[in-house]
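Notes follow once the structure below has been shown.
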Amino acid sequence: MHDGLGQHAPPTHVVAHLSDTHLLAGGALLGGAIDTAAHLRDALARLELAAPAADALVVSGDCTDLGEPDAYRLLQEIVEPVAERMGAIVVYAAGNHDEREPMWHALHGIASDAPYDHVHDVGGLRIVSLDSSLAGFHHGGFDEGQAQWLADALATPAEHGTLLVMHHPPLPYRARILQVLEFQDEPRLAEVLDGSDVRAILSGHLHVNGSGTFAGVPVVLANATSYADDLAAGPTAFTGIDGAQSANVLEVYAHTVAHSVVPGQVHPSLSPLPAGLHAELAALDPAARIERFSRKR
């Protein structure tokens with residue numbers, strides 16, 4: 001039994017996806033104005049309502065703004081209690097604002113400057129976190145040996161397929177100035193993904209909601225929880241606004257991956273449907289549900 005009222009069985013997995021948290025140490029405000037820690041808490045509270053039993057909670061890079069060790073510890077303090085209540089595995093990815101050594105040390109107690117790459121098994125769904133950052137730069141690409149590492153990680157299909165998490169989306173970028181900061185090894189990535197079981201790519205970096213396809217694979221961008229890009233500023237600008245932040249929920253089905261956007265802050269709302277309607281419809285057979293809720297009055 002499940003609480004769905006339509007033709008599809010429940011998803012096999014639910015993934016909460018947020019990005020670009022840009023945390024700072026010591027209570028500092030981003031740009032002297034934006035409380036990124038408060039915004040992250042708000043977004044997680046909304047995600048927890050939307051997906052209270054998520055299987056994984058993904059943060060797709062730019063976890064911190066300056067790579068400060070205390071900012072990574074703050075990340076854990078904010079994110080991991082929520083994930084524990086959900087029962088979710090936490091998947092962090094590195095972005096261009098992150099720094100490998102403090103990220104490894106703060107999150108894992110490991111002294112390393114290697115790419116922050118990981119493979120997670122989430123009940124038969126494989127989630128691969130690929131460090132698309134390059135030390136000393138803001139654009140993305142494969143570091144030495146990473147393409148082969150990814151090919152090896154994908155060599156054997158997973159029971160429910162794979163989600164690839166990488167901060168830099170392998171897509172054309174709407175903000176022209178950010179095109180300088182693309183993932184610059186797209187042809188090699190396409191070769192690695194050819195014939196693999198990757199079902200979706202989860203990214204961030206652009207501070208907008210977005211989607212596309214790369215090498216036949218859906219690419220889903222999570223907006224930032226820190227600040228959003230105001231695309232109305234025009235294609236040659238990048239203008240950050242302290243508003244419109246959001247996160248995503250992905251539902252993995254046997255035949256597809258669906259994603260929805262969760263507003264990161266509480267807004268005035270209305271309730272256009274009667275209270276108790278779900279319970280009423282659940283008590284009816286499918287034909288009666290159509291008659292009760294779908295027929296125009």
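The values are calculated or read from the model by the stated rules, or taken from the named source; none is laboratory data. As the structure is a prediction and not an experimental result, all values here were calculated from the model. Ideal geometry is used to build each Cβ from the backbone, glycine not excepted, and the neighbour counts take in all protein chains shown. For the accessible areas, the whole protein counts, side chains as well, though only heavy atoms, and no ligand, DNA or RNA atoms are used. Shrake-Rupley method; radii C 1.70, N 1.55, O 1.52, S 1.80 Å.
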Of the residues in the stretch 14-36, those that are crowded, with 24+ Cβ neighbours inside 10 Å and assigned to a helix (DSSP H, G or I) come to T36
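Would you mind finding the one in D55, D62, D121, D117 that is farther than 17 Å from L23 by Cα, within 14 Å of the chain's Cα centre (by Cα) and among the charged types (D, E, K, R)?
Being farther than 17 Å from L23 by Cα, within 14 Å of the chain's Cα centre (by Cα) and among the charged types (D, E, K, R) holds for just one of D55, D62, D121, D117, which is D55.
This table checks each residue for (1) out of contact with any helix residue (DSSP H, G or I) (no Cβ under 8 Å at 6 or more places or on another chain); (2) hydroxyl-bearing (S, T, Y).
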position: D20; (1), (2): yes, no
position: I34; (1), (2): yes, no
position: D42; (1), (2): yes, no
position: E48; (1), (2): no, no
position: S60; (1), (2): yes, yes
position: D65; (1), (2): no, no
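Would you pick out the residues in the stretch 78-101 that are of a type in the set (V, I, T), closer than 19 Å to T225 by Cα and within 15 Å of the chain's Cα centre (by Cα)?
Listed by number, the residues that qualify are V79, V90, V91.
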For the stretch 240-269 the number of residues that are open to solvent by 70 Å² or more (accessible area, probe 1.4 Å) and hydroxyl-bearing (S, T, Y) is 1
In the stretch 123-143, anything within 15 Å of G61 (Cα to Cα), surrounded by fewer than 18 Cβ atoms within 10 Å (Cβ to Cβ) and out of contact with any Asp or Glu (no Cβ under 8 Å at 6 or more places or on another chain) is listed as F137, H138
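Every residue, every condition in (1) under 25 Å from P11 (Cβ atoms); (2) open to solvent by 20 Å² or more (accessible area, probe 1.4 Å); (3) touching a strand residue (DSSP E or B) at 6+ places or on another chain (Cβ under 9 Å), yes or no:
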site: H205; (1), (2), (3): no, no, yes
site: G210; (1), (2), (3): yes, yes, yes
site: P235; (1), (2), (3): no, yes, no
site: S271; (1), (2), (3): no, yes, no
Scanning the stretch 77-122 for residues that are under 27 Å from G161 (Cα atoms), open to solvent by 50 Å² or more (accessible area, probe 1.4 Å) and either in contact with a helix residue (DSSP H, G or I) (Cβ under 9 Å, 6 or more places away or on another chain) or not in a helix (DSSP H, G or I) (or both) gives R85, G87, I89, V119, D121
